[in-house]
Each structure stands twice: as structure tokens, then as C-alpha cells.
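The values are calculated or read from the model by the stated rules, or taken from the named source; none is laboratory data. These numbers come from a predicted model, not from an experiment. Here the Cβ is made from the backbone with ideal geometry for all residues, glycine too, and neighbour counts use every protein chain on show. Just the protein is used for accessible areas: all its heavy atoms, side chains included, with ligands, DNA and RNA removed. Shrake-Rupley method; radii C 1.70, N 1.55, O 1.52, S 1.80 Å.
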Amino acid sequence: MGSTAGVILRVEASVYGKVTIEVSDGKRYFSDLSDLSKVYCFPKDLSEWRSVGIDSYGLSLIWASRFEAHIDQIIALAYKSEEVQKSA
């Protein structure tokens with residue numbers, strides 16, 4: 001049986017089309033979501049891109065434009081992942 005990746009704890013969207021998420025599985029994923037840019041509600045510019053939040057379940061990112069990306073999509077489009085450094 002498969003297992004889920006966990007829930008999104010933090011998001012950073014400082015570069016248009018790209019996000020970095022930290023997940024409860026102890027990993028950080030760097031993803032390029034620009035492949036989804038043909039979706040009609042995909043944010044149009046960096047200002048809209050930065051207007052992102054985590055849904056109440058921690059399973060998706062939602063932008064003010066109503067664009068939504070599920071954690072599975074974000075992880076599938078990741079070009080890099082790393083372990084999150086634990087601080088004392």
C-alpha cells in the first residue's frame with residue numbers, strides 16, 4: 001500500500017511559476033508549476049503568484065485567482081527535494 005506525503009506546513013512563492021513547500025514528512029520540495037500555466041485561473045504575474053495560501057487541510061495550495069495545486073501535483077513536478085534541517 002502507498003503512503004501519503006503528509007501535509008504542507010510552509011510555502012514560499014517568490015519566483016513566478018515556482019514554489020517551495022515544506023511538508024510534514026520532513027522534506028522540502030522545489031517545484032516548477034509553469035506546466036500548469038494553461039489553466040485559465042493560473043496567476044498572471046508575480047504579484048498574483050505571491051498571493052498563495054495553504055488550504056485548511058494542508059493538502060493544496062490556493063491562489064487568490066482561484067488556481068489550486070494539490071500536494072501530489074506539486075511533488076510530482078518537483079525538480080529538487082531535500083531533508084528539512086531540524087533546529088533545536
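By the Kirkwood approach, averaging reciprocal distances over each pair of separate Cα atoms, region 21-87 gets a hydrodynamic radius of 12.7 Å. Given +1 at the Cβ of Lys and Arg, -1 at the Cβ of Asp and Glu and no other charges, the dipole of the chain around its Cα centre is 120 debye to the nearest 20. Surface composition of the chain: carbon plus sulfur atoms contribute 51% of the solvent-accessible area (1.4 Å probe, protein chains only, all chains present). Calculated mean residue ellipticity, 222 nm, the chain: -2000 deg cm²/dmol, from DSSP H runs (n ≥ 4) at -39500 (n - 2.57) each, averaged per residue and rounded to 500.
Surface analysis of the chain yields an accessible area of 65 Å² per residue, using protein heavy atoms and a 1.4 Å probe.
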